[in-house]
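Below is one structure, written out as structure tokens; the observations come after it.
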Amino acid sequence: MNKESIKPSIESLLLVANKELSAKKLAEILAVGENEIREVIISIKERFNKPDSGIHLAVNGDKLQLVSN
């Protein structure tokens, strides 16, 4: 999978999980490397973590979660 194709999958998983997920867990689910997950996470943070966004990507150590702003 390329990074752009896993981005919507990561967003969907974080949205429906309703709890924190680790990059390792996301990598296992999507059968990709943790480094790929981490690179895509940067892009997701840039997209959502803005003052005018109603959704933010919360990062707590290695745990990730989509939350409302």
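Bear in mind these aren't lab numbers, they're just calculated from the coordinates by the rules spelled out. Owing to the predicted nature of the structure, the values given are computational and were not obtained by experimental measurement. Positions of Cβ are generated from backbone atoms using ideal geometry, with glycine treated the same way; all protein chains shown enter the neighbour counts.
For the chain, please report how many Lys pairs fall under 13 Å Cα to Cα, leaving out neighbours fewer than 8 apart on the same chain.
4
Taking the Cα-to-Cβ direction at Ala58 and at Leu15 and moving 7 Å from each Cα, how far apart do the two end points lie in nm?
1.8 nm
In deg cm²/dmol, rounded to 500, what helix-only [θ] at 222 nm does the chain give when every DSSP H run of at least 4 residues adds -39500 (n - 2.57) and the total is split over its residues?
After summing the helix terms and dividing by residue count, I get -17500 deg cm²/dmol.
Just want the answer: with Cβ charges of +1 for Lys and Arg and -1 for Asp and Glu, which residue in Asn35, Leu21, Ser5 is farthest toward the dipole's positive end in the chain?
Leu21
Subtract the Cα-Cα distance of Asn69 and Glu34 from 0.36 nm times their separation in residues, and report this length gain in nm to one decimal.
9.9 nm
With a bin width of 5 angstrom, please list the P(r) values of the chain as percents of all Cα-Cα pairs, from the 0 bin to the one holding the largest distance.
3, 18, 33, 27, 14, 4, 1
What do you get for trypsin sites (Lys or Arg not before Pro) in the range 1-58 restricted to DSSP loop and a cutoff of at most 16 other Cβ within 10 Å of the site's Cβ?
When the trypsin sites (Lys or Arg not before Pro) of the range 1-58 are filtered for loop state and at most 16 Cβ neighbours within 10 Å, Lys19 remain.
Could you give the dipole magnitude of the chain about its Cα centre, charging the beta-carbon of Lys and Arg +1 and that of Asp and Glu -1, in debye to the nearest 20?
Here the size comes out at about 120 debye.
Which residue, Glu36, Glu11, Glu28, has the most motion in a Gaussian network model of the chain that connects Cα atoms within less than 10 Å?
Glu28
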